[in-house]
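Visitor: Structure in structure tokens, see below.
The values are calculated or read from the model by the stated rules, or taken from the named source; none is laboratory data. In this text, all values refer to a predicted model and were calculated from it rather than measured experimentally. Cβ sites come from the backbone with ideal geometry, for glycine too, and all protein chains shown count toward neighbours.
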Amino acid sequence: MELKKTPLYSRHLAAGGRMVDFGGWAMPVDYKSMLGEARAVRTTCGLFDASHMGEIRVKGSQSLEFLQKILTNDLARLMPGQLQYNLMLEESGGALDDLMVYRDKDSFLCVVNASNTEKDLAWLKAHRLSGVELIDESPDTALLSVQGPCSCRLLEAALGTKLDDMAYMRFVEFKFEKTSLMVSRSGYTGEDGFEIYLEACGAGRLWDALSDKGKEYGLTFCGLASRDILRVEAGYPLYGHELDQTINPLEAGLAWAVKYNKDFIGKDVLCAGTPARQRVGLVLEEKGVPRQGQEVYCRDKLAGLVTSGVYSPNLDRFIAMAYAGRGRLDYGDAIQVKIRDRFCPAKVVSFAFIESRTKRKPASVPSKNVCR
């Protein structure tokens, strides 16, 4: 089956992007060096193509009531121009997806993981209330992300608008060369950064404008590999690794995104008991890349499994996330990760591995996230 392509596919090829199959999409895994790209985001800024993500518009008189029932966070707290992290659960409490929700004047935009777009849309349709309209805007929408300490200055110079006073988890809309843009301030790296949504037909011109102006700000093209390094450094979960339909948000350390002042699908299960396992951070003491599914041992007993692991060029350490049984691990515990035929020593640490440098530090995994 032919891979789907974003509107920026030809730009990636021209820039030397090494393309891979990512959930049915042809996406750049890296350009020159994934480690160099990850360093650039921490020091200057990086440009990502996230146009594979799904965008579902929710409209109608009952849209707020509908989403309050579907999602875990409290959207009644959102004013127009704000966005919020959310989880969509099934009745068992397992995560169907995690997503960002943007509140506009008369609608909501749900930005979902690319591989889950069809599944999420089907779930929304199956639970839709009367008076709610669902529109899949994914095919016509491009999404670019600029992340790093120089991102704001670059965007102000390239787009000709003031963004420095924009608060974290806010968005604005304006025109760029007759193209409508929606620009939000958040990100998936732990750095100050912005997302830019626009019509797919205008993505190439915007990419070129950012690339040209970016020469003054140390802009680096970034692929999937550096994004994974950065999100692990920041302690952020990735669907398919730290989240899936067998994992609930309490186990994932995402209780801050669950509000019990309203009814939502899966609430009864979350209220019924304490998590059976908990997501933890690991720092390895020796060289060795931890991979999903590798075993974690504590005092010679199996304690959990790795979900994500990377070499962090910004810490010069090998780091990982894992799930451990309740009460099996505590901070500072000396453990071992079984990598092939050897046991690599490591320690249990709290998230994040690198402190968030967003303009206003977001709600994150609580520092005391290991169940006793």
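Visitor: Hey, can you tell me all the residues within the range 251-266 that are more than 19 Å from Gly325 (Cα to Cα) and either in contact with a strand residue (DSSP E or B) (Cβ under 8 Å, 6 or more places away or on another chain) or assigned to a loop (DSSP other than H, G, I, E, B) (or both)? Give the steps one after another, and end with the answer.
Guide: We begin by selecting, within the range 251-266, every residue more than 19 Å from Gly325 (Cα to Cα); these are 256-266.
Correct list: Ala257, Val258, Lys259, Tyr260, Asn261, Lys262, Asp263, Phe264, Ile265, Gly266.
Visitor: What residue, of Val310, Val337, Val289, Val283, is modelled with pLDDT under 95 and hydrophobic (A, V, I, L, M, F, W, C)? I'd like the intermediate steps shown before the answer.
Guide: Working: Val310 fails: modelled with pLDDT under 95; Val337 fails: modelled with pLDDT under 95; Val283 fails: modelled with pLDDT under 95.
Going through Val310, Val337, Val289, Val283 in turn, the sole match is Val289.
Visitor: For the range 132-158, give me each residue that is farther than 14 Å from Arg42 by Cα, surrounded by fewer than 19 Cβ atoms within 10 Å (Cβ to Cβ), in contact (Cβ under 8 Å) with a residue 60 or more places away in the chain and not β-branched (Val, Ile, Thr). Steps first, answer last, please.
Guide: Taking the range 132-158 first, the residues farther than 14 Å from Arg42 by Cα are 132-145, 153-158.
Now restrict to residues that are surrounded by fewer than 19 Cβ atoms within 10 Å (Cβ to Cβ): 133-137, 139-140, 153, 156-157.
Imposing the further condition that a residue be in contact (Cβ under 8 Å) with a residue 60 or more places away in the chain reduces the set to 133-137, 139-140, 153, 157.
The answer is Glu133, Leu134, Asp136, Glu137, Pro139, Asp140, Arg153, Ala157.
Visitor: Further, regarding this structure: Please tell me if Asn248 is crowded, with 23+ Cβ neighbours inside 10 Å, in a loop (DSSP other than H, G, I, E, B) and in contact (Cβ under 8 Å) with a residue 24 or more places away in the chain.
Guide: Working: crowded, with 23+ Cβ neighbours inside 10 Å: yes; in a loop (DSSP other than H, G, I, E, B): yes; in contact (Cβ under 8 Å) with a residue 24 or more places away in the chain: yes.
Criteria met by Asn248.
Visitor: Could you list all residues from the range 276-297 that are more than 30 Å from Arg39 (Cβ to Cβ) and surrounded by fewer than 18 Cβ atoms within 10 Å (Cβ to Cβ)?
Guide: Going through the range 276-297, the residues more than 30 Å from Arg39 (Cβ to Cβ) turn out to be 276-278, 295, 297.
Correct list: Ala276, Glu295, Tyr297.
Visitor: Just one of the numbered conditions (1) closer than 24 Å to Arg57 by Cα; (2) over 20 Å from the mean Cα position of the chain (by Cα) is not true of Tyr217; which one?
Guide: Status for Tyr217: all satisfied but (1).
Visitor: Looking at the range 300-332 only, could you name the residues that are within 21 Å of the chain's Cα centre (by Cα) and not in a strand (DSSP E or B)?
Guide: Selection gives Pro313, Asn314, Leu315.
Visitor: On to the next question. List pairs: first in the range 344-363 and modelled with pLDDT of 85 or more and part of a loop (DSSP other than H, G, I, E, B), second hydrophobic (A, V, I, L, M, F, W, C) and crowded, with 16+ Cβ neighbours inside 10 Å, Cβ under 7 Å, 6+ apart or cross-chain?
Guide: As it stands, the answer is Phe351/Val365; Ala352/Ala234; Phe353/Ile319; Ile354/Ala234, since those pairs meet every condition given.
Visitor: Please specify each residue of the range 175-185 satisfying the condition of being in contact (Cβ under 8 Å) with a residue 40 or more places away in the chain and surrounded by fewer than 22 Cβ atoms within 10 Å (Cβ to Cβ).
Guide: In the first step, residues of the range 175-185 are kept if they are in contact (Cβ under 8 Å) with a residue 40 or more places away in the chain; the result is 182, 184-185.
Selection gives Met182 alone.
Visitor: Do we have Leu121 as aliphatic (A, V, I, L, M) and either part of a helix (DSSP H, G or I) or in contact with a His (Cβ under 7 Å, 6 or more places away or on another chain) (or both) here?
Guide: On the way: aliphatic (A, V, I, L, M): yes; either part of a helix (DSSP H, G or I) or in contact with a His (Cβ under 7 Å, 6 or more places away or on another chain) (or both): yes.
So Leu121 passes the test.
Every residue, every condition in (1) touching a residue at least 60 places away in the same chain (Cβ under 8 Å); (2) within 18 Å of the chain's Cα centre (by Cα); (3) within 22 Å of Trp123 (Cβ to Cβ), yes or no:
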position: Glu2; (1), (2), (3): no, no, no
position: Asp21; (1), (2), (3): no, no, no
position: Trp25; (1), (2), (3): yes, yes, yes
position: Val41; (1), (2), (3): yes, yes, no
position: Cys45; (1), (2), (3): yes, yes, no
position: Glu55; (1), (2), (3): yes, yes, yes
position: Gly60; (1), (2), (3): yes, no, yes
position: Gln68; (1), (2), (3): yes, no, yes
position: Pro80; (1), (2), (3): no, no, no
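Visitor: Let me ask you something else. Scan the range 249-280 for residues that are among the β-branched types (Val, Ile, Thr), farther than 23 Å from Leu124 by Cβ and modelled with pLDDT of 95 or more and report the count. Give the steps one after another, and end with the answer.
Guide: Within the range 249-280, the subset among the β-branched types (Val, Ile, Thr) is 258, 265, 269, 274, 280.
From what is left, the residues that are farther than 23 Å from Leu124 by Cβ are 274, 280.
Okay, now just the ones that are also modelled with pLDDT of 95 or more, so 280.
Total meeting the criteria: 1.
Visitor: Next up: What is the residue count in the range 67-106 for residues that are over 30 Å from Met27 (Cα atoms) and either among the hydroxyl-bearing types (Ser, Thr, Tyr) or in contact with a His (Cβ under 8 Å, 6 or more places away or on another chain) (or both)?
Guide: Going through the range 67-106 one residue at a time, the tally reaches 4.
Visitor: Failed condition for Val172, given (1) touching a helix residue (DSSP H, G or I) at 6+ places or on another chain (Cβ under 7 Å); (2) more than 30 Å from Met321 (Cα to Cα); (3) surrounded by fewer than 22 Cβ atoms within 10 Å (Cβ to Cβ), with all others met?
Guide: (1)
Visitor: Can you tell me how many residues in the range 208-238 are under 19 Å from Trp25 (Cα atoms), surrounded by 19 or more Cβ atoms within 10 Å (Cβ to Cβ) and either in contact with a helix residue (DSSP H, G or I) (Cβ under 7 Å, 6 or more places away or on another chain) or among the basic types (Lys, Arg) (or both)?
Guide: Final tally of qualifying residues: 5.
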